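Report on the structure given below.
Bear in mind that the values in this text are calculations on the coordinates, not laboratory data. Note that the coordinates shown come from a computational prediction; the quantities given were computed from them, not determined experimentally. Please note: Cβ atoms are built from the backbone with ideal geometry, for glycine as well, and neighbour counts cover all protein chains shown.
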Amino acid sequence: MMPYHHTSVMKKEVLRYLNCRPGKVYADCTLGGSGHALAVLADIMPEGLLIGMDQDRDAVENAEKVLASYAANVRIFHSNFEYLSDIFSELNLKGADGILLDLGLSLHQIEGSGRGFSFRRDEPLDMRMDTRAEMTAADLIAETDAGELEKIFRNYGEERWSGRIARKIATVRKQKAITTSAQLAQIVCDAVPSRPRAGAPGCSRHPATRVFMAVRIAVNRELERLEAFMEEAVSLLNPEGRLCVISFHSLEDRIVKQRMKALEKGCICPPDFPQCICKRKGTLRVLTRKALPPSPDEIRMNPMSRSAKLRAAEKLRIEN
Ligand SMILES: C[S@@+](CC[C@H](N)C(=O)[O-])C[C@H]1O[C@@H](n2cnc3c(N)ncnc32)[C@H](O)[C@@H]1O
C-alpha cells in the first residue's frame, strides 16, 4: 500500500463537540488516516477506550500502525458503521460517550488507492470503499439501464446533463466495455454540450465531477447507510453522549440535519393533529443550529476542507 495521506478536517471543533474526557468510550466510525482517532485518544488517556472502524482495508491497515502505541486503549475493526451495534455487543459495551462520522473520501482513496475514484487518473473503474462488496462502478455502469443511470446522476450528482450522459453511456457500452475512469470521464466530456473547460471562467469543475460523485455514492450506498445509521447511532450513545457528523455533500448534510431534528422532536404525529397521540419523546438536543464550516484559516491551509459541514447533538438523559 502507498503511504496513507489524509489531512483531518475541523479537528479542534470535533474535539470540542465530542467532549472527549479521560476514561470514557468513543467510536470513530470512519478512521480514514486516523488523525481524528489520534486526537481523541490523546484526550481520553489513560483509561479511555476508542472503537475505530473503516470499511476500507487500507484505512484499517494504516490505523493498526498509526495507533499502535495506544494498543491497550483502542479496538480496530474492518467494518461498515452499519454494524456498530454488533461490534458493541461483541465487546460487551453498553454505549459510547461520543460517536464520530467523518463522511466522504480520504485523500488516499482519491490519489493512492488505484480504484478509479478520480476522473483525473486512468485506473480500473472500481470505486468500492470496501473491496469485499460485489458491485464495482464498472458493474454499475455496465448493468444499469439508461433510465436508472439518469436518475443516479440527477439524484446523487445533481447533474444537469444526466439524460444525455446516460444515453451516451448506453450507446458506447454496446460497442466496448467501460472499465476505466479515463473512459468514463471521456464519455461524460463527449456527452455534455459545449464542453466547458475546467478552469474556464464560470466553470471551475471538470465536467465529470458530478457523475463520478454520483457513481461513488451509488456503488457504496452512502446515503441509504447514513440515513439508517443516524437513529442507530443515537441508540448506542450513553446519556449526554455526543454525536458529531462531518459531511461534504448537500444531500448528506440534509439527511444529518433532518434526522437530528426529528430525533430532537420525537413526536411523529401529522402536523394537523390537535394533540400528540404517538407519545414519542425527543431523545436528542441539537448543539449546532446551523452546520459549522471550517475556519477561513483551515480552508486556506487545506482547500479540500472547504465543503465540510459539522453538525453535533447530545443524547438527553431521560429520567424515568
Ligand atoms: C474523510 S475520511 C475520514 C478521515 C478521518 N477522520 C481522519 O482523520 O483521517 C472518510 C473515511 O470514511 C470511510 N467510510 C465511509 N463510509 C463508511 C461506512 N459506511 N462505514 C465505514 N467507513 C466508512 C471511508 O472509507 C474513508 O476512509
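Rg of the Cα atoms in segment 1-86, relative to 2.2 N^0.38 Å, amounts to 1.01. When the Cα positions of Gln186, Pro294, Met260 are compared along the charge dipole of segment 150-294, Gln186 comes out farthest toward the positive end, with charges on each C-beta of Lys, Arg, Asp and Glu.
Expressed as a fraction of 2.2 N^0.38 Å, the value expected for a compact globular protein of N residues, the C-alpha radius of gyration of the chain is 1.06. Beyond 20 Å between alpha-carbons counts as too far, so tell me which of Lys281/Lys309; Lys257/Lys290; Lys261/Lys309; Lys12/Lys65; Lys94/Lys257; Lys11/Lys265 fall in that bin. Cα-Cα > 20 Å for Lys281/Lys309; Lys12/Lys65; Lys94/Lys257; Lys11/Lys265; rest within. Neighbour counts of other Cβ atoms within 10 Å put Asp102, Asp86 in the fewest-to-most order Asp86, Asp102. For segment 96-140, taking the reciprocal of the average inverse distance between every pair of different Cα atoms yields a Kirkwood hydrodynamic radius of 11.9 Å.
For segment 134-219, the equivalent ellipsoid built from the Cα gyration tensor has semi-axes of 20, 14, 12 Å, listed from largest to smallest.
Enumerate the whole-percent occupancy of each 5 Å bin, from 0 to the last occupied one, for all C-alpha pair distances of segment 181-282. Once binned at 5 Å, the Cα pair distances of segment 181-282 give 2, 10, 15, 14, 12, 12, 10, 7, 7, 7, 4, 1. Over segment 173-320, Cα pairs under 8 Å with separation of 6+ residues give a relative contact order of 22 percent. Which angle from 0 to 90°, rounded to the nearest 10, does the C-alpha axis of helix 162-175 make with the longest principal axis of the chain? Roughly 60 degrees, rounded to the nearest 10. Relative to the longest principal axis of the Cα atoms of the chain, helix 181-191 runs at roughly 60 degrees. Charges only on Cβ, +1 for Lys and Arg, -1 for Asp and Glu: so what's the dipole of the chain about the Cα centre, in debye to the nearest 20? The dipole magnitude comes to about 1200 debye.
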